[in-house]
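First up is the structure itself, then whatever we jot down about it.
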Amino acid sequence: ASIGSGHWAAMKSIEDEIKKSNPDAEIVEYDVREKMNPITNFVGKLNYEFSTKFNPKGYDKWWKGYIAEGEKIKSLGDMALVAENKPLRMLDFIKKEKPQVVISTFMHATEALIHLRDNGELKNVAIGQVMTDFVNAYYFQRLGEAIDMSFVPHDTIRNAWLARGFPADHVATIGMPVKQAALDKMDETARLEFLKSKNLKADVPLIVLV
């Protein structure tokens, strides 16, 4: 998903790593936001950007509430945001491309894939999720229980899943995938231009955790 940039950056990072080990691999990108109703997409992005910028506590409360609902609902394929991610359009795309593996970096896209599995689809296509949040929430384990493989950012999360009985061969720790550019050092001129573009003070230390 292109919203928030993190999911998209994770996808690009994974794509780069796959190409390093297998240059001939054919990788096709799919953005669930682009397949949405344009009005729904616009309003959703506007709400996300406004909430995270001006009301982060409110957004955090909504996000934790959503996760909590996902820990109680019978199937994550029935979560409230599944419909807006257009699972049938996703299915048409997957049937057209005929992939061996589908990897999701967006939890709502994973929910849509689970919805399709619940309805008898994608039984012969391996589905994996890559977590882009360092959160030890049972919700993400439940996503993993409904698909084939999960890649988590830290052993803390993997060990918590294993302690709850999750099969060890269905979860691997890979760290948090980020674009290589995030690790590249800027020269001083570029650094100052970047800070200025973000309305940040150059004389105040800035720490970026990746």
Cubic angstrom per residue, convex hull over Cα atoms of the chain: 155
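Could you please put W8, W62, W161 in sequence from largest to smallest accessible area, using a 1.4 Å probe? Walk me through the intermediate numbers first.
Details: W8 75, W62 115, W161 0 Å².
From most accessible down to least: W62, W8, W161.
Only sites in a loop by DSSP and with at most 11 other Cβ atoms within 10 Å count here; which trypsin sites (Lys or Arg not before Pro) in segment 119-210 make the cut?
Details: sites: K123, R142, R158, R164, K179, K185, R191, K196, K198, K201; in loops: K123, R164, K179, K185, K198, K201.
Passing sites in segment 119-210 are K123, R164, K185, K198, K201.
Based on Cβ point charges of +1 for Lys and Arg and -1 for Asp and Glu, what charge dipole magnitude is obtained for the chain about its Cα centre, in debye rounded to the nearest 20? Before the final figure, lay out the partial values.
Working: 28 positive and 29 negative charges, 100 e Å.
About 480 debye.
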Accessible area (Å², 1.4 Å probe, nearest 10) - L206: 100
All aspartates and glutamates inside 12 Å of K201 as judged from Cα atoms, apart from same-chain residues fewer than 8 positions distant: E193
Cleavage-rule hits (GluC sites (Glu not before Pro)) in segment 24-70: DSSP loop, at most 13 neighbouring Cβ within 10 angstrom: E26, E29, E34
For S104, residues with placed amide H under 5 Å, excluding near neighbours: G128, Q129, V130
Relative contact order [Cα under 8 Å, 6+ residues apart], segment 61-210, whole percent: 17
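Past 23 Å, Cα to Cα: identify those pairs from K35/K95; K96/K123; K19/K86, in the order given.
From K35/K95; K96/K123; K19/K86, over 23 Å: K19/K86.
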Hull volume in cubic angstrom per residue (convex hull over the Cα atoms of segment 5-127): 117
By average C-beta atoms within 10 angstrom, highest first, the peptides 83-95, 166-178: 83-95, 166-178
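For the pairs K57/K196; K12/K196; K20/K57; K12/K74, note any where the Cα-Cα span goes beyond 28 Å. Numbers along the way, then the final one.
On the way: K57/K196 26 Å; K12/K196 26 Å; K20/K57 40 Å; K12/K74 33 Å.
Over 28 Å Cα-Cα: K20/K57; K12/K74.
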Dipole of segment 1-74, positive end: most advanced residue of G65, N37, M11 [Cβ charges, Cα centre]: G65
Alpha-carbon centroid distance for the pair segment 1-76 / segment 97-162, whole angstrom: 13
Highest-fluctuation residue, Y30, Y138, Y48 considered, GNM on the chain with Cα pairs under 10 Å: Y48
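The values are calculated or read from the model by the stated rules, or taken from the named source; none is laboratory data. Computed from a predicted structure; not experimentally measured. Note that each Cβ is placed from the backbone with ideal geometry, even for glycine, and that neighbours are counted across all protein chains shown. Side chains are part of the model used for accessible areas, which takes the heavy atoms of the whole protein and leaves out ligands, DNA and RNA. Shrake-Rupley method; radii C 1.70, N 1.55, O 1.52, S 1.80 Å.
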